[in-house]
Amino acid sequence: MSLLCNTGDWFTLGQGNAFRKIELYTMEWPGSINLEHMRVYAAPYGGPIAVVKDPKLFVKLDGGASTRPIIRIFNCVGKLLSSINWDCGNLVTLGWSDAEELIGVQDDGTIFLHDMFGNFVHKFSVGKDVTDVADARIFTSASGTGVAVMTSGFKIYILNNIKDPKSRPLSELLNLTSSLTCWEMVCKDRTTSCLLASGNEITLVRHGDNAFTNTTPAMRHDYQSISLLAVSFDHEHVALLTNTGCLWMGSWDLKRKYCEFATGRQEQANQLVWCIDGSTGPDGQAVIVCYAHLLLVVGASGESSVYTYDTPVALIPEMDCVRVLTNYCHELVQRVPPSTSKIFGINISEPASFLFEAHRKFRDRSHQSDEYLCLIQHRLPAAVADCVQAAGHEFDPSTQKCLIQAAYFGKSFLTGYDCADYITMCRTLKVLNVLRDRNVGIPITIQQFNHLQPVVILDRLVFRKYYGLAIHIAKYLKLQETRILEHWAFQKITHDKNDDEVARKIAAKFSSAGLREPMSYANVADKAQQIGKTKLAITLLEMETKKKLQVPLLLKLGACEKALIAATQSGDIDLIYMAILEMKNTTALAKFHMTIRRYPLAQNLYKKYCQLNSLSTLKDIHSQEDDFLSQAELALREALQLGNLDASIPDISGNYRKAGKPVEADLADETKKLIRHQKLLQDKYQKDFFGLALHAMVRKLLQLGDQRYAEKLKSEFRMSDRRFWWLRVQTYADNYQWEELEKLGRAKKSAIGYEPFVEVCLAKQNVTEAKKYLPRCGEETKLKWYLRAGCYADAATIAFMQKDIDSLLKIHDHCNDSALMAKVENMIGQLSSKK
């Protein structure tokens, strides 16, 4: 069926290849702008437009006007965004980066970057050897935006990424001459190549190649030279225009020819661009040749269409269309999308067309609506999908609405229909219509929108300072608003003078944003610090909730005490140490100690640090605080490590007494006396007594036979009798002085009993000596020691007297004497009978 809706500007270039021209805006150029005298450099994806006077044209200047170039930057509606008075070297060319930064190439090899508001961003040089640039190309490479320059000596240098400007010559062996007529850059498979037209030949030079391919495009019409070259937006296709007006279209490597077309025009064309639809095949692609007041659109099949204009025309190639810029209007030329052709095409019988007509009849309350639906009953899902897709490709909101309503009408007859695509399209269309509004002026297609992704679109709105709109879109698409708010805060910090008011506005905006997580002030404060607003940065950081971001920046800003407070509040040991050490390095020592004393946690951690790294500093801290106990403990620890305990004891004892620790002080005094005895004994016996405890010293004296001095130490240090007796017993046994041991046992009553005598004898395997002390053991332990000594006969007698049958049974099990065994058995029998 035929629906002649929105098809007035359609034209066909071969079977099934329909193209259309859509008016986007009427332009609002200032009165001084006439494209006939201008060069136009427009950014893709609906980006800004840079306009500068063509230096090759003679233009009459008004009185007082400067001869230096003035670059004016406009949006797509023609509203002036900024102006740049180019007061540097001679400008060779302009272009735009993928971040919408204006790239200016000078003849001395310097490349300047400005933002769309004319603010200088950065500059760099192509290379030390490049000082005479004659021509340049700005292109899209696999790694970003690249720049290629040609010197007056026909040497070509390439930078594949302006963010990492490393230039390299295209080829050392390339030898060009003045016969070069045009050249273009091609990027395929992450390789940068160059097409060079010289005479009737084209040379394809890949970066770093030593061998080149010369190709002479085969044409039916004679020609002497190639005047224009054009590479498609996706770098898949190449077109060339000869001096005789013959157009050749083919693949980027010149191996495949699509068609040849004779334009019949001998004048020089201004531009040659590809109009592609995003597909890689040649079908459906077209080339637009721009003359002074005429556009010639040629399809890959060889068919053409002509548009005439009253004013000069500039073409802007895009990934799926070409934008046409004139003095009065801004238009778009594109291949009609397949989904749109299925609905509005002539003599179309597609399901989507019937669904659209059914909905139209339904609104007219006509019974024919049901008849159309019956025709597509089994193809209704495809029809709904086509209506949804076609709505996305339309620029007119009323047409979008009709298509979306048709899709909504169709899906109501489907069971289990997945509405995800429908809902996504409705959301996307709402965003696209806002972006295309002339007050915003970003006329992107839905294919470009999906390619850039909403996050990039939001960034571009932010760069244009449409903060409110960006936040609304982010909320609508359920995206993060953090970066938008941060960029808004950056602008406030940069341009507002009242720091207190700026801090208040930023805090109010961040707190009212309604985000799931609180906004971080760290990046904003860092920006304030970079532009010299330290006080504002500190004020903002005080509102930061993430201490790991807050503390380092406060230290960087010199607010050490505030950083210390934040670190102690966090309880993070690493942050506290970071603040302490930075504060120690940047603050006077006295002030540092006074400050840190106010924060107990930080003070304790600093003491721990000093204990490991600087004992002298720790001493000073304890002295300042009159912490006598810590001074005593530190002096004692240091004296033990250095081995000068004798000299330090008076101070240690004094500090213990000042700290109210009399027990520790007395122990220190006794230690001093002990050291004095150690020195005397070391001089007397020439043996090492230093470091020995009192117990060890007495034992050593007993081993040396100096019992008198041992008793003196016992008396002076109030050693107990039990310990002294034990030491004597152990020493005599270790030295096998059994006679001395026996004398000790007979001298007077033992303070420790006689069991230790037996134990040391048995330990030295001397049972004979042990038997001397067994009778003197206590009654409750005597049986045990007789058994351990192996005196089973005496043990049996004691056990019988104690009526201990269990011990008698144990003796019976261990003894080997039959007579003793019989005696034990008799004893066991007697005791058993008495029970």
> Dividing the alpha-carbon radius of gyration of the stretch 315-385 by 2.2 N^0.38 Å (N being the number of residues), what value is obtained?
Replying inline: 1.54
>> Limiting things to C-alpha atoms, what are the Rg and the maximum Cα-Cα separation (Dmax) for the stretch 241-325, in angstroms?
In response: 12.5, 39
>> What is the sum of charges, Lys and Arg at +1 and Asp and Glu at -1, for the other residues whose Cβ falls under 12 Å from the Cβ of residue 10?
In response: +2
>> Given contacts defined as C-alpha pairs under 8 Å and at least six residues apart, what's the relative contact order of the chain, whole-number percent?
In response: 6
> Mean projection of the alpha-carbon convex hull of the stretch 134-240 over all orientations, in nm²?
Replying inline: 6.7
> For the stretch 377-466, what are the per-bin percents of Cα-Cα distances with bins 10 Å wide, up to the bin holding the maximum?
Replying inline: 15, 45, 26, 11, 2
> What list of ³J(HN,Hα) couplings, whole Hz, do you get for the stretch 744-752 from phi and the Karplus terms 6.51, -1.76, 1.60, once you set θ to phi - 60° and write x for glycine and proline?
Replying inline: 4, x, 8, 5, 7, 4, 6, 6, 10
> Applying the Karplus parametrisation 6.51 cos²θ - 1.76 cosθ + 1.60 with θ = phi - 60° to the phi angles of the stretch 238-251, what ³J(HN,Hα) value in whole Hz is obtained for each residue in order, glycine and proline being reported as x?
Replying inline: 9, 10, 9, 10, 8, 5, 9, x, 9, 9, 10, 10, x, 6
> Are there trypsin sites (Lys or Arg not before Pro) in the stretch 444-510 that DSSP puts in a loop and that have at most 10 other Cβ atoms within 10 Å, and which ones?
Replying inline: 478, 497
>> I'd like to know how the stretch 405-533 sits against the 2.2 N^0.38 Å rule of thumb: what's its Cα Rg over that expected value?
In response: 1.34
> Any idea what the alpha-carbon Rg over 2.2 N^0.38 Å comes to for the stretch 679-760?
Replying inline: 1.10
>> Quick check: at a probe of 1.4 Å, how many percent of the accessible area of the chain sits on carbon and sulfur atoms?
In response: 49
> What translational D, rounded to a whole number of µm²/s, comes out for the stretch 82-142 from Stokes-Einstein when the hydrodynamic radius is the Kirkwood one over Cα pairs, at 4 °C and 1.567 mPa s?
Replying inline: 108
> Taking amide hydrogens as modeled 1.01 Å from N in the peptide plane, which residues meet the under 5 Å criterion relative to residue 145, leaving out close sequence neighbours?
Replying inline: 98, 162, 163
>> Debye calculation, C-alpha points only, no solvent: report log10 I(q)/I(0) for the chain at q = 0.05 Å⁻¹, in the same order as the q values.
In response: -0.57
> What are the principal axis extents of the Cα atoms in the stretch 471-587, in Å, biggest first?
Replying inline: 49, 31, 18
>> Let's test the formula: R0 of 22 Å, r as the Cβ-Cβ distance of residue 569 and residue 589. What FRET efficiency results, to the nearest 0.05?
In response: 0.30
> Non-local amide H neighbours of residue 227 (under 5 Å, H modeled in plane, Pro and chain starts lacking H): which ones?
Replying inline: 241, 242, 243
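Which chymotrypsin sites (Phe, Trp or Tyr not before Pro) in the stretch 225-293 sit in a loop by DSSP (not H, G, I, E or B) and have at most 16 other Cβ atoms within 10 Å of their own Cβ?
Numbers: sites: 233, 248, 252, 258, 261, 274, 291; in loops: 233, 252, 291.
Passing both the DSSP loop test and the Cβ count: no residue.
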> With every protein chain left in place, what is the accessible area per residue of the chain in square angstrom, probe 1.4 Å?
Replying inline: 49
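What FRET efficiency comes out for the pair residue 214/residue 190, r = Cβ-Cβ distance, R0 = 22 Å, nearest 0.05?
With R0 = 22 Å, the Cβ-Cβ based efficiency is 0.35.
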> Arranged from highest to lowest average of other beta-carbon atoms within 10 Å per residue, in what order do the peptides 126-137, 316-327 appear?
Replying inline: 316-327, 126-137
> Rounded to a whole number of µm²/s, how large is the Stokes-Einstein D of the stretch 143-202 at 20 °C and 1.002 mPa s, given Rh as the Kirkwood radius over C-alpha pairs?
Replying inline: 174
> What are the ³J(HN,Hα) values, in whole Hz, obtained from phi via the Karplus relation 6.51 cos²θ - 1.76 cosθ + 1.60 with θ = phi - 60°, for each residue of the stretch 285-291 in sequence order, with x given for Gly and Pro?
Replying inline: 8, 9, 10, 10, 9, 9, 9
>> Please give me, ordered by residue number, the chymotrypsin sites (Phe, Trp or Tyr not before Pro) of the stretch 735-835 that lie in loop per DSSP and have at most 12 other Cβ atoms within 10 Å.
In response: 736
> Once amide H atoms are placed 1.01 Å from N in the peptide plane, what residues at a sequence separation of 5 or more from residue 38, or on another chain, have their amide H within under 5 Å of its amide H?
Replying inline: 54
> For residue 526, what charge total do you get from the other residues with a beta carbon under 12 Å from its beta carbon, if Lys and Arg give +1 and Asp and Glu give -1?
Replying inline: +1
>> Debye calculation, C-alpha points only, no solvent: report log10 I(q)/I(0) for the stretch 171-336 at q = 0.09, 0.18, 0.20 Å⁻¹, in the same order as the q values.
In response: -0.29, -1.14, -1.35
> At what distance in nm do the modelled label points of residue 163 and residue 797 sit from each other, each positioned 7 Å from its Cα along Cα→Cβ?
Replying inline: 10.6
>> Counting just the Cα atoms, what span does the stretch 409-452 cover along each of its three principal axes? Round to the nearest Å and put the largest first.
In response: 41, 20, 11
>> Please compute the contact order of the stretch 171-336 in relative form: average sequence separation of alpha-carbon pairs under 8 Å and at least six residues apart, divided by the residue count, as a percent.
In response: 13
> For the stretch 339-417, how big is Rg over Rh, using alpha carbon atoms and the Kirkwood form of Rh?
Replying inline: 0.94
>> Suppose we look only past 21 Å in the calculated P(r) of the stretch 747-819. What percent of the Cα-Cα pairs does that tail hold?
In response: 28
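The values are calculated or read from the model by the stated rules, or taken from the named source; none is laboratory data. These numbers come from a predicted model, not from an experiment. All Cβ positions, glycine included, derive from the backbone under ideal geometry; neighbour counts span all protein chains shown. Quick note on the areas: whole protein, heavy atoms, side chains included, nothing else; ligands and nucleic acids left out. Shrake-Rupley method; radii C 1.70, N 1.55, O 1.52, S 1.80 Å.
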